[in-house]
Amino acid sequence: MKKYILVLTSIVLFSCQEKKTSNLEQKVVSEDKKVEDFFERAFQEDVSDSPMMQTRLGKKTDYGLWDDFSNEKYPKDLEKSKIRLAFLKDNIQKSKLSEENQLSYELMKNQLENEIADYTYRFYDYPVNQMHGYQAELPAFLINMHQIDSQEDAKAYISRLNGIKQALEDVSKGLKIREKNGIVPPTFVFTKVLEDAQNVIKGFPFEEVKTNSTLWQDFTSKLEKLKIAKEEKESLKLEAKKAMLTHTASGFKTLIATLQDQMQRSVSDAGVWKLPKGEEYYNNRLKRVTTTNLSAEEIHKIGLKEVERIQKEMEVIKNKLDFKGSLQEFFEFMRNDSQFYYEDSAEGKEAYISEAKQLINTMKGRLGELFNTLPQADIKVKAVEAFREKSAGKAFYQAPALDGSRPGIYYANLYHMKAMPKYQMEALAYHEGIPGHHMQIAIAQELDSIPMFRKFNFYTAYVEGWGLYTEFLPKEIGFYEDPYSDFGRLAMELWRACRLVVDTGIHTKKWTREDGIAYYKTNTPNEEGDCIKMVERHIVMPGQATAYKIGMLKILELRSKAKKELKDKFDIKDFHDAVLSQGPLPLHYLEKQIDAYIQTKS
């Protein structure tokens, strides 16, 4: 009897314990569900607020609308960030979340805290600049993002042509507020962006000429592929022509007038030290783009040290090639010898794109040696469009659509062929294409294990650090066989090391635009136009260019740590999985991720 009671008591106690455990598990699940629902709501709210983001994701909702570019959006976004942060702190118990959701919680919390803190500097940027200004981005969006697969899509395109007027009027109002706050770009910026803006409204139907404008060419070529009646096509063309002549032209003329007016009061001072609280702003920018607490002086010194190291490696290649002369004389030889450049002609440009495609395709066949996980999205190579090629950067990447309807694009700027030497082609293709930005960004978008907001986070040091790291990576499996190409790889890395020196020099040491150009010309083989563009980029995007080398150095440091601790258990493919499997991360979180990977493999 006693034994029976004892057994019964044990069963009851076990049953109660099981129920208690089950309730605890239910609590954990519900807390995870609560935060996951919050992440999804926040992401969908942001998508709903951005017709352009919807289009980038491959959606055709709000297809005829632009984002809100008015100054009233800043306080709305601030309030939204404050409400979200309060919800996280007051309604989510972080300790009861899964490990994965704890990381997402921290990333969201940090992001919101940064958005709130950065509200102080909301007018400190230059929204119209030669790198990524609205004068070029709105037309480029229509050309590259707005697909026309139906008559409704064509009407949505026309709606956006009409909407350009309001969008650019709002941008112009923002420029005027910035000027009242002492935020005006240097004079050279106005010259470049005015030309970009004027280019958009050149050609038919803006002018009575035979040459089509960029937007008219894009709209009509897309329209011609539609299988609809000729009369319907002609009707849509008339609507588009009316939209361009009225609203599109009006918007650009408003922007042009604002820029011409402000240009008269602009100065040549380059650094943000000239701005109110310029030093605080720059320190904030460095913190955001590098995701570290490195000071401007520390970054400057890292740059000088890296420049010296890379130039010593270049000396080895120079000597191997039996070049008689100094490194600077070798630079001069590389700048001027015709063997290193494609002809500056339609045929030369076509040859460049063809070779770039071949480099991408060759690398595709070797990815299995370096990666376990490959992206499903495809990538294509494309020259930068004529209307924006004069001021756009050397090369850049555009992410694929989330639904696979649009591939990733590696853009090469072939406006000036002397800025695109053959010996840098390998490194450039690997950085912008694969295994660089396309691998990292496409894989992040295809991950099922992280919430949507993390797929589209952009931590510059992580993203660009990966790009620079993947310029170096192919060398380890036998690429860069041509010594000149390997020199080009080093030249690209040297370029990024110089950025640390020049960016901090301009914005904290009061270097002039000319000082920066001179530093690049002396220390790199790049031609003068390349040097000018880079310095002008530093000026309008303070701090941004420091992220590349800082990010690459951190990835190499973490890889070295993993190799040292894991020894023969180290697998480069597993390491890359660890780097890429959580999507973009601030560098200190990436370090935690690699530490966890090391512990798992030990």
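The values are calculated or read from the model by the stated rules, or taken from the named source; none is laboratory data. Since we're looking at a predicted model, the values are computed, not measured. Neighbour counts run over all protein chains shown; Cβ positions are idealised from the backbone, glycine included.
Worth a mention:
- The single condition from (1) surrounded by fewer than 21 Cβ atoms within 10 Å (Cβ to Cβ); (2) small (Gly, Ala, Ser); (3) within 19 Å of the chain's Cα centre (by Cα) that Ala518 fails is (3).
- Qualifying residue in the stretch 268-277 (condition: among the β-branched types (Val, Ile, Thr) and out of contact with any Gly (no Cβ under 9 Å at 6 or more places or on another chain)): no
- In the stretch 199-225, of all residues being loosely packed, with under 14 Cβ neighbours inside 10 Å and either closer than 30 Å to Lys274 by Cα or among the polar types (S, T, N, Q) (or both), the one that is farthest from the chain's Cα centre (by Cα) corresponds to Thr211.
Every residue, every condition in (1) among the hydroxyl-bearing types (Ser, Thr, Tyr); (2) at pLDDT below 95, yes or no:
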| site | (1), (2) |
| --- | --- |
| Lys3 | no, yes |
| Val7 | no, yes |
| Val47 | no, no |
| Ser70 | yes, no |
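- Test: residue in the stretch 563-580 that is under 19 Å from Phe458 (Cβ atoms) and either modelled with pLDDT under 95 or assigned to a helix (DSSP H, G or I) (or both): yes
- Being closer than 22 Å to Leu103 by Cα, without any contact (Cβ under 8 Å) to a residue 60 or more places away in the chain and either surrounded by fewer than 20 Cβ atoms within 10 Å (Cβ to Cβ) or among the charged types (D, E, K, R) (or both) is a property that does not hold for Glu565.
- Residue check for Pro127: assigned to a loop (DSSP other than H, G, I, E, B) and either closer than 27 Å to Arg406 by Cα or not assigned by TED's automatic domain parsing to the domain that holds Leu226 (or both): yes
- Checked against the criterion of being acidic (Asp, Glu), in contact (Cβ under 8 Å) with a residue 60 or more places away in the chain and either crowded, with 20+ Cβ neighbours inside 10 Å or at negative phi (or both), the candidates Glu280, Glu232 yield just one match: Glu232.
- Test for Glu40: is it surrounded by fewer than 16 Cβ atoms within 10 Å (Cβ to Cβ), in contact (Cβ under 8 Å) with a residue 40 or more places away in the chain and either aliphatic (A, V, I, L, M) or assigned to a helix (DSSP H, G or I) (or both): yes
- Within the stretch 399-411, the residues that satisfy the criterion of being touching a residue at least 40 places away in the same chain (Cβ under 8 Å) and surrounded by fewer than 24 Cβ atoms within 10 Å (Cβ to Cβ) are Ala399, Ala401, Leu402, Asp403, Gly404, Ser405, Arg406, Ile409.
- Counted residues, the stretch 337-354 - those being out of contact with any helix residue (DSSP H, G or I) (no Cβ under 9 Å at 6 or more places or on another chain) and within 11 Å of Lys418 (Cα to Cα): 2
- Within the stretch 235-258, not a single residue is touching a residue at least 12 places away in the same chain (Cβ under 8 Å), assigned to a loop (DSSP other than H, G, I, E, B) and assigned by TED's automatic domain parsing to the domain that holds Ile158.
- Of the criteria (1) at pLDDT 95 or above; (2) in contact with a helix residue (DSSP H, G or I) (Cβ under 8 Å, 6 or more places away or on another chain); (3) assigned to a helix (DSSP H, G or I), which one Lys533 fails: (1)
- Residue check: Arg537 meets all listed conditions (1) of a type in the set (D, E, K, R); (2) more than 25 Å from Ile434 (Cα to Cα); (3) within 24 Å of the chain's Cα centre (by Cα) but one, namely (2).
- Verdict on Ile379 being within 25 Å of Tyr352 (Cα to Cα), of a type in the set (Val, Ile, Thr) and surrounded by fewer than 21 Cβ atoms within 10 Å (Cβ to Cβ): no
- Looking only at residues in the stretch 89-114 that are in contact with a Phe, Trp or Tyr (Cβ under 7 Å, 6 or more places away or on another chain) and in a loop (DSSP other than H, G, I, E, B), the one that is nearest to Ser449 (Cα to Cα) is Leu97.
- Of the helices (runs of 4 or more DSSP H) contained entirely in the stretch 321-406, those carrying at least 3 residues that are at pLDDT 95 or above and within 30 Å of Val579 (Cα to Cα) fall at 346-364.
- Selected residue (criterion: nearest to Val540 (Cα to Cα)) from residues of the stretch 259-273 that are touching a residue at least 40 places away in the same chain (Cβ under 8 Å) and assigned to a helix (DSSP H, G or I): Val272
- Residue check, Ile441 surrounded by fewer than 23 Cβ atoms within 10 Å (Cβ to Cβ), at pLDDT 95 or above and within 16 Å of the chain's Cα centre (by Cα): no
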